[in-house]
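Working notes, structure below.
The values are calculated or read from the model by the stated rules, or taken from the named source; none is laboratory data. Because the structure is a prediction, the values reported are computed rather than measured. Don't worry about glycine lacking a Cβ; one is built from the backbone with ideal geometry, like all the others, and counts go over all protein chains shown.
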Amino acid sequence: MRILVTGGAGFIGSHLVEKLLAAGHDVAILDDFNDFYDPQIKRENVSAVSKDVAIHHVDLRDSASVRNLFHREKFETIAHLAARAGVRPSIQHPQLYYDTNVTGTLHLLDAARVTGVERFIFASSSSVYGISKTVPFSEDQHLTQTLSPYAATKIAGEFLCSTYSYLYQMRVVALRYFTVYGPRQRPDLAIHQFTRRIYAGQPIDQFGDGTTRRDYTYIDDIIQGTMAALEYNGPLFDIFNLGESDTIQLKDLIAAIENALKKKAKINRLPEQPGDMPLTCADISKARKLLGYNPATRLSDGLPQFIDWFLARSKRSTL
């Protein structure tokens with residue numbers, strides 16, 4: 001299968017590219033290598049596969065460049081993981097997030113329609129659930145309010161996908177990822193940021209009283225579910241949660257990182273951040289039943305694997 005992975009040089013995207021190549025697929029990457037974090041990190045992510053894949057430096061906001069790429073390459077499947085990510089920066093730059101995540105997704109869908117793409121995988125987010133009173137979060141919940149521009153762009157992306165699926169009989173699967181972590185995790189995300197700062201003896205910012213809870217999902221489990229979505233032949237449009245269906249409080253996460261690093265955190269306690277969800281927890285029964293999704297890595301096992309990767313990378317950078 002000829003597959004384009006948008007955001008393929010990022011954290012999740014680079015892992016997916018490697019898995020697709022190992023499965024024998026013909027893979028290409030679309031990534032704009034923007035400066036949300038150091039682009040060199042993305043180059044490192046794909047250094048091992050750069051000889052095996054074409055890497056297209058394309059900004060999703062540029063509709064002509066997207067369409068030209070699709071006409072030249074004739075992809076069968078799109079795994080759309082590219083996005084401006086992060087709740088807090090989306091509050092500061094809502095237009096950038098809308099232009100990239102909504103308009104950019106529209107450009108991809110339209111190019112896919114014109115060139116006859118058979119399958120479109122959309123990376124959505126647990127953030128679409130907002131302050132849900134139903135826990136764990138289920139795909140059939142009626143969603144009425146999001147808490148950040150980032151979350152709003154993700155629910156908008158889902159609606160665009162469902163519309164294109166309906167109008168043009170395109171098979172689309174939207175995957176709501178729940179706080180993914182593991183080797184190569186983005187440096188702005190909590191586990192990576194806390195680990196880096198505690199390791200360096202720098203203070204960490206804790207927003208709120210530490211009782212917010214997250215459903216952290218190990219990268220290997222996310223990739224397993226995403227690969228399964230490539231084979232799904234249910235309704236033309238469908239949505240699945242990909243999480244661990246297990247939560248941990250922020251203060252307990254910090255304690256676990258302290259224990260793994262054998263260092264005490266210096267905590268800068270701050271008020272709760274607007275846009276942050278108090279809780280995420282996935283109902284994964286649908287994904288288990290229809291995708292064969294089977295998350296196998298608990299945080300107690302996955303966090304040490306991330307710490308090992310972080311320490312090895314830190315040692316290499318000091319040589």
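For this structure, a couple of remarks:
- Pairs where the first residue, in segment 167-180, is at positive phi and the second is among the charged types (D, E, K, R), C-beta under 8 Å, 6+ apart: THR179/ARG214; THR179/ASP215
- Residue match in segment 235-249 (condition: modelled with pLDDT of 95 or more, of a type outside the set (Phe, Trp, Tyr), out of contact with any Ser or Thr (no Cβ under 7 Å at 6 or more places or on another chain) and surrounded by fewer than 17 Cβ atoms within 10 Å (Cβ to Cβ)): yes
- So LEU261, is it out of contact with any Asp or Glu (no Cβ under 9 Å at 6 or more places or on another chain), surrounded by fewer than 19 Cβ atoms within 10 Å (Cβ to Cβ), closer than 30 Å to HIS25 by Cα and of a type in the set (A, V, I, L, M, F, W, C): no
So that you can scan it fast, the table gives a plain yes or no per residue for (1) under 19 Å from ALA156 (Cβ atoms); (2) polar (S, T, N, Q); (3) within 20 Å of the chain's Cα centre (by Cα):
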residue	(1), (2), (3)
VAL46	no, no, yes
ASP52	no, no, no
ILE55	no, no, yes
ARG61	yes, no, yes
HIS71	no, no, no
THR77	no, yes, yes
LEU81	yes, no, yes
GLY86	yes, no, yes
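- Selection of segment 259-270 for residues being closer than 17 Å to GLN305 by Cβ and either in contact with a Phe, Trp or Tyr (Cβ under 7 Å, 6 or more places away or on another chain) or in contact (Cβ under 8 Å) with a residue 12 or more places away in the chain (or both) yields ALA260, LEU261.
- Residue in segment 287-294 that is modelled with pLDDT of 95 or more, surrounded by 15 or more Cβ atoms within 10 Å (Cβ to Cβ), within 19 Å of SER126 (Cβ to Cβ) and of a type in the set (Ser, Thr, Tyr) present: yes
- Options SER126, SER90; residue that is buried (at least 21 other Cβ atoms within 10 Å of the Cβ), touching a Pro at 6+ places or on another chain (Cβ under 7 Å), over 19 Å from LEU236 (Cβ atoms) and modelled with pLDDT of 95 or more: SER90
Here's the yes/no breakdown for (1) in contact with a Leu (Cβ under 9 Å, 6 or more places away or on another chain); (2) basic (Lys, Arg); (3) under 22 Å from MET1 (Cβ atoms); (4) surrounded by 15 or more Cβ atoms within 10 Å (Cβ to Cβ):
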position: HIS57; (1), (2), (3), (4): yes, no, no, no
position: PHE70; (1), (2), (3), (4): yes, no, yes, yes
position: GLY86; (1), (2), (3), (4): yes, no, no, yes
position: VAL102; (1), (2), (3), (4): yes, no, no, yes
position: THR105; (1), (2), (3), (4): yes, no, yes, yes
position: LEU109; (1), (2), (3), (4): yes, no, yes, yes
position: VAL117; (1), (2), (3), (4): yes, no, yes, yes
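- Within segment 196-210, the only residue that satisfies the criterion of being of a type in the set (S, T, N, Q) and either surrounded by fewer than 17 Cβ atoms within 10 Å (Cβ to Cβ) or more than 24 Å from the chain's Cα centre (by Cα) (or both) is GLN202.
- ALA64 being surrounded by fewer than 16 Cβ atoms within 10 Å (Cβ to Cβ), over 20 Å from ALA85 (Cβ atoms) and touching a residue at least 12 places away in the same chain (Cβ under 8 Å): no
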